[in-house]
1. Could you check the stretch 38-50 and list, in sequence order, the residues that are in contact (Cβ under 8 Å) with a residue 40 or more places away in the chain and surrounded by fewer than 21 Cβ atoms within 10 Å (Cβ to Cβ)?
2. State whether the residues of the stretch 4-13 include one that is open to solvent by less than 60 Å² (accessible area, probe 1.4 Å) and over 21 Å from Ile132 (Cβ atoms).
3. Given (1) touching a strand residue (DSSP E or B) at 6+ places or on another chain (Cβ under 8 Å); (2) loosely packed, with under 14 Cβ neighbours inside 10 Å; (3) acidic (Asp, Glu), where does Glu96 come up short, assuming only one miss?
4. For the stretch 108-143, how many residues meet the condition of being closer than 20 Å to Ile73 by Cα, in a loop (DSSP other than H, G, I, E, B) and touching a residue at least 12 places away in the same chain (Cβ under 8 Å)?
5. Out of the residues in the stretch 20-37 that are over 16 Å from the mean Cα position of the chain (by Cα) and open to solvent by 100 Å² or more (accessible area, probe 1.4 Å), which is farthest from His67 (Cα to Cα)?
6. Being of a type in the set (Phe, Trp, Tyr) and assigned to a strand (DSSP E or B), is that true of even one residue in the stretch 67-76?
7. I want to confirm something. Restricting to the stretch 72-93 and keeping residues that are open to solvent by 30 Å² or more (accessible area, probe 1.4 Å) and over 23 Å from Asp117 (Cβ atoms), which single residue is modelled with the lowest pLDDT?
8. Return the residues of the stretch 51-60 that are surrounded by 17 or more Cβ atoms within 10 Å (Cβ to Cβ) and of a type outside the set (Val, Ile, Thr); say none if nothing qualifies.
Amino acid sequence: MAAKNKTAETKVSVNDFINSFVDREQKKQDTIRLMKLMQKWSGFEPKMWGPTMIGFGKYHYKYDSGHEGESAIIGFSPRKAAFSLYENSPGHDNSELLDKLGKYTMGKYCIYFKKLDDLDLDTLEKFSKAAIKYVKGKYGVSK
């Protein structure tokens, strides 16, 4: 039996999630602002993916291992400690943009930052659009 993805699109209201999960006013403002920016950059409505991720668009992937599923094209989570930014690009090796992005740390699959003002938004837009272009080119897009 194939493992089920934990991060699947849900029917939970994004606004309900923000109002119930994000407990600090500044983080709530940053969440709404980032959500509007990502919606503008991607052209997709925000949807909940799993319990805490706000995602935009979706695509179907299949790995060489046979594992497959659906994921948001780009997304983020306003976690308590830091925002988690989920953007699929080839190994996040776009060092030219990353060097200009601002104050963040990098995980294996995510970029973490404390507040939106820590990032250069023009660079974030370029990085996000590069990730969208990469996903669309590699996987295509479902809605």
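1. Filtering the stretch 38-50 for residues in contact (Cβ under 8 Å) with a residue 40 or more places away in the chain gives 38, 41-42, 44, 49-50.
Residues satisfying the conditions are Trp41, Phe44, Gly50.
2. Yes, the stretch 4-13 has at least one match.
3. If we test Glu96 against (1) touching a strand residue (DSSP E or B) at 6+ places or on another chain (Cβ under 8 Å); (2) loosely packed, with under 14 Cβ neighbours inside 10 Å; (3) acidic (Asp, Glu), just (1) comes out false.
4. Looking only at that region, the number is 6.
5. This residue is Glu25.
6. So in the stretch 67-76, the residues of a type in the set (Phe, Trp, Tyr) come out as 76.
Now restrict to residues that are assigned to a strand (DSSP E or B): 76.
Checking the stretch 67-76: at least one residue is of a type in the set (Phe, Trp, Tyr) and assigned to a strand (DSSP E or B).
7. Step by step, filter the stretch 72-93, then rank; the result is Gly91.
8. The answer is Met53, Gly55, Phe56, Gly57, Lys58, Tyr59.
The values are calculated or read from the model by the stated rules, or taken from the named source; none is laboratory data. Everything numeric in this text was worked out from a predicted model, so none of it was measured. All Cβ positions, even for glycine, are placed from backbone atoms using ideal geometry, and neighbour counts span all protein chains on display. Just the protein is used for accessible areas: all its heavy atoms, side chains included, with ligands, DNA and RNA removed. Shrake-Rupley method; radii C 1.70, N 1.55, O 1.52, S 1.80 Å.
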